[in-house]
Amino acid sequence: MADSPFRGTFPKPSQPRPAAPGSDMTISCRATNPLSLQDDLGKVFLDENQAKATTATRLFRNEELLDAVKRLTSEFIQSKRSGKFCMWSTGCSSGEEVYSMAMVALNEFSKAKRQPLMEACGTDINPERIMEGRMGRYGRPGKDAFAQNYWVLLRNYAEMNNSQVQMGDLLRSVCTFAKFDMRNKPKNHTFHFIVCNHVLQYYDAPGQRHIIGNLKAVLKPGGYLYLEGVTEHGLDGLNLVKLPDRPLLYQVGERPRGRTLIRRK
Ligand SMILES: C[S@@+](CC[C@H](N)C(=O)[O-])C[C@H]1O[C@@H](n2cnc3c(N)ncnc32)[C@H](O)[C@@H]1O
């Protein structure tokens, strides 16, 4: 039997945590490609290329997203708010996005010399990808895969050999993964920052509005959504405002002021 490349080098990953109970109810929702939890995701898309693209992800994929994580973590630390800084990546595939966000946030806590009071949750409809996320072990990226500053983070929070990367214990302790279909309403938890990246393009506008409404319902007051791939009417009626300097960041708009006039009969 071939030796594990990690034997004696990396800490053994702890057992994956169980998924939250009751997280796989189904609801009906119009989607361009209607998914169900029983589907093999590869089969519901039109051609093979599109199917492969559905779970594609990688470490430090989006500079814009990671800049937002850095800024929001730093704002949270400076605000001296109590509790944890909570982030959620919905449709996280095998977890690289969650770990990348968590490394950037951990680094902000470390620079501020503060305890890392934070959590990064990752959910996906696809249970196999979630298992991979829990293991936190990936092929080693090529040296030009991302900028030097991210290599520094990876060396700080993960262990590497020539072919693989194992996410380290501190990093794994702040990241959790669960199977969850975001067409359902989440409950029991609220977040400062919710990310839906490279997912919404698979849904039509009513599907997008439905999903984004579900996400908005568990956004903490003053929290932010990062929404990539929204189509023209995907936000209609949701009262979300785009931040002018950060195109994919949204906040809940203010309630209309003033009294509502009720006409007497
Ligand atoms: C292209 S990957 C995006 C991964 C990651 N967010 C990124 O940007 O690198 C899209 C993921 O969305 C997931 N997905 C699609 N519909 C979903 C749903 N209704 N609920 C949860 N995950 C979903 C797919 O299983 C897939 O893993």
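The values are calculated or read from the model by the stated rules, or taken from the named source; none is laboratory data. Owing to the predicted nature of the structure, the values given are computational and were not obtained by experimental measurement. Note that we place each Cβ from the backbone using ideal geometry, even for glycine, and neighbour counts take in every protein chain shown.
Listed values, structure above:
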read-out	value
Residue in the range 134-151 that is surrounded by the most Cβ atoms within 10 Å (Cβ to Cβ), counting only those that are free of Cβ contacts under 8 Å to residues at least 24 places away in the same chain and either among the charged types (D, E, K, R) or under 23 Å from GLN78 (Cβ atoms) (or both)	ASN149
Residue count for the range 80-95, restricted to those that are over 10 Å from ASP124 (Cβ atoms) and surrounded by 24 or more Cβ atoms within 10 Å (Cβ to Cβ)	3
Pairs, first within 13 Å of MET182 (Cβ to Cβ) and among the acidic types (Asp, Glu) in the range 121-133, second outside any helix (DSSP H, G or I) and within 6 Å of the ligand (Cβ to nearest atom), C-beta under 7 Å, six or more apart	ASP124/GLY91; ASP124/CYS92; ASP124/SER93
Residue in the range 47-62 that is modelled with pLDDT under 95, among the charged types (D, E, K, R) and in a helix (DSSP H, G or I) present	yes
All positions within the range 80-116 that are within 18 Å of LEU219 (Cα to Cα), of a type outside the set (Phe, Trp, Tyr) and either away from the ligand (no atom under 16 Å from the Cβ) or part of a strand (DSSP E or B) (or both)	ARG81, SER82, GLY83, LYS84, CYS86, MET87, SER89, THR90
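One line per residue, one yes/no per condition, for (1) among the hydrophobic types (A, V, I, L, M, F, W, C); (2) assigned to a strand (DSSP E or B); (3) more than 15 Å from the ligand (Cβ to nearest atom):
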{"position": "CYS121", "(1), (2), (3)": "yes, yes, no"}
{"position": "ALA145", "(1), (2), (3)": "yes, no, no"}
{"position": "VAL165", "(1), (2), (3)": "yes, yes, yes"}
{"position": "GLN201", "(1), (2), (3)": "no, no, no"}
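For every residue, the table says whether it meets (1) free of Cβ contacts under 8 Å to residues at least 60 places away in the same chain; (2) assigned to a helix (DSSP H, G or I); (3) more than 14 Å from the ligand (Cβ to nearest atom); (4) closer than 17 Å to MET101 by Cβ.
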position	(1), (2), (3), (4)
ARG155	yes, yes, yes, no
LEU171	no, yes, yes, yes
PHE177	no, no, no, yes
ASN184	no, no, no, no
ARG209	yes, yes, no, no
ASN214	yes, yes, no, no
GLY229	yes, no, no, no
GLY237	yes, no, yes, no
LEU248	no, no, no, yes
